[in-house]
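Reading through the structure tokens given below for one structure.
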Amino acid sequence: MELVIVSGKGGTGKTFISSNTLYYLNEHADIPTVGADADVEAPDLILTLGSSHETEKCFEVYESQKARIDYSKCLGSSCLACIGTCMFKALEVVNGKPVVIEENCEGCTACSIVCRVGAITYYTKLTGRVCLYKVGSIHVVSGDLEIGERNSGHLVYRVREFARDVCRDLKYKHVIVDAAAGTGCPVISSLVGVDKAIIVVEPTPQGIEGALRVRKLTKLMNIHTYVIVNKYDLNEELSRRIGDVLDAEVLGMVPYDHAVVEAYANMKPVIVHNPHSKASKHLLKILEVIAFSVMGS
């Protein structure tokens, strides 16, 4: 089973929930599970699981297409049809000729279609890297987008694909995907084809708005969705209404607790760093439900 943990905005505690869930399933519930860090622009799942890790395997992903102009064919200022066609502002005119701004190019091929002399072709460059790490006994597949690259959805797909391969090789049955925040391309790539989703939300207007956008996606994709309310004591009245607002089952609520900050600083899950903290006590009840209800159903 593939379970994705998502949030509509940054800072809600998505990776906090992901890391503690992954640790609990592997070390407490005896449910061997592979982690997949799909936040490829800022991967940090292995950091929240432990201060040391082993790198077992890495490979590079070349899937970013970039436009290239053959100036021996290009008609220059007498044409410039490509300039008005590019929706990503990846072409600009310099000394009467179109020039590709590589960082903006999505490789969509629109410019080559309108080029009547066939002066525009494409080449493939490094998108990023995918690595398999081992933190203690826990296996985590993580993606790292190359600096300046924009094809994060492709890399997320490769992360999930490799995590499923690792899962099969280890004879495990489950993958936990830690998605990026928001509702952009990498999040959509994290959601497509998963079995279930957990939305982590905080009781603030911005938190609710972001969660509603994610919930709209999970409804469109027909994904069975649950909710965890983090820092619920910021607004307890609003927290009690979140399940109805998002039209999803609330697995539980976690209070604000400085022990979580301390756990992050020590690069450990809070249930390991301070199992008797307020956050840990609430979280352990939620993790038990995830292990024996969400993962088992």
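The values are calculated or read from the model by the stated rules, or taken from the named source; none is laboratory data. Just so we're clear, the structure is a prediction, and the values are computed from it rather than from any experiment. FYI the Cβ positions are ideal-geometry reconstructions off the backbone, even for glycines, and counts take in every protein chain you see. Surface accessibility is based on the protein's heavy atoms, side chains included, excluding ligands, DNA and RNA. Shrake-Rupley method; radii C 1.70, N 1.55, O 1.52, S 1.80 Å.
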Could you tell me whether any residue of region 212-227 is in contact (Cβ under 8 Å) with a residue 12 or more places away in the chain, over 14 Å from Ile17 (Cα atoms) and part of a strand (DSSP E or B)? yes
Within region 49-61, of all residues that are over 12 Å from Ser142 (Cβ atoms) and surrounded by 14 or more Cβ atoms within 10 Å (Cβ to Cβ), the one modelled with the lowest pLDDT is Gly50
Of the residues Ile208, Ile198, Ile120, which single one is in contact (Cβ under 8 Å) with a residue 24 or more places away in the chain, open to solvent by less than 10 Å² (accessible area, probe 1.4 Å) and either touching a strand residue (DSSP E or B) at 6+ places or on another chain (Cβ under 8 Å) or closer than 18 Å to Ala36 by Cβ (or both)? Ile198
Leu45 fails exactly one of (1) under 22 Å from Asn230 (Cα atoms); (2) open to solvent by 10 Å² or more (accessible area, probe 1.4 Å); (3) of a type in the set (A, V, I, L, M), namely (2)
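Can you tell me which residues in region 240-271 are among the small types (Gly, Ala, Ser) and either crowded, with 20+ Cβ neighbours inside 10 Å or within 24 Å of Ser51 (Cα to Cα) (or both)?
Applying the first criterion (among the small types (Gly, Ala, Ser)) to region 240-271 yields 243, 248, 252, 259, 263, 265.
Listed by number, the residues that qualify are Ala248, Ala259, Ala263, Ala265.
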Against the condition without any contact (Cβ under 8 Å) to a residue 60 or more places away in the chain, crowded, with 22+ Cβ neighbours inside 10 Å and aromatic (Phe, Trp, Tyr), how does Tyr232 come out, does it pass? yes
Between a first residue in region 275-288 that is within 17 Å of Val229 (Cβ to Cβ) and a second residue that is of a type in the set (A, V, I, L, M, F, W, C) and not in a helix (DSSP H, G or I), which pairs have beta carbons less than 6 Å apart while being 6 or more apart in sequence or on different chains? Ala279/Val254; His282/Val254; Leu283/Val254; Ile286/Leu251
Being in a loop (DSSP other than H, G, I, E, B) and either closer than 17 Å to Phe16 by Cα or of a type in the set (S, T, N, Q) (or both) is the filter here; which residues of region 176-193 pass it? Gly182, Thr183
Tell me, which residue of region 9-37 that is under 14 Å from the mean Cα position of the chain (by Cα) and in a helix (DSSP H, G or I) is surrounded by the fewest Cβ atoms within 10 Å (Cβ to Cβ)? Phe16
Of these, Val135, Val100, which one is β-branched (Val, Ile, Thr), assigned by TED's automatic domain parsing to the domain that holds Asp39 and surrounded by 12 or more Cβ atoms within 10 Å (Cβ to Cβ)? Val135
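Can you find even one residue in region 264-280 that is at negative phi, assigned to a helix (DSSP H, G or I) and in contact with a Lys or Arg (Cβ under 9 Å, 6 or more places away or on another chain)? Reasoning before the result, please.
Initial filter on region 264-280 (at negative phi): 264-266, 268-280.
Adding the requirement that they be assigned to a helix (DSSP H, G or I) leaves 264-265, 270-273, 278-280.
Checking which are in contact with a Lys or Arg (Cβ under 9 Å, 6 or more places away or on another chain) leaves us with none.
No, region 264-280 contains no residue that is at negative phi, assigned to a helix (DSSP H, G or I) and in contact with a Lys or Arg (Cβ under 9 Å, 6 or more places away or on another chain).
Please indicate, with yes or no, whether at least one residue in region 64-78 is closer than 22 Å to Phe162 by Cα and not small (Gly, Ala, Ser).
Here is the first cut: in region 64-78, the residues closer than 22 Å to Phe162 by Cα are 64-65.
If we keep only those that are not small (Gly, Ala, Ser) as well, we get 65.
Checking region 64-78: at least one residue is closer than 22 Å to Phe162 by Cα and not small (Gly, Ala, Ser).
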Restricting attention to region 138-154, which residues are closer than 30 Å to His28 by Cα, open to solvent by less than 10 Å² (accessible area, probe 1.4 Å) and within 16 Å of the chain's Cα centre (by Cα)? Val140, Val141, Gly143
Provide a single number: the residues in region 200-245 that are more than 22 Å from the chain's Cα centre (by Cα) and either over 16 Å from Lys14 (Cα atoms) or outside the structural domain of Ile290 (by TED's automatic domain parsing) (or both). 14
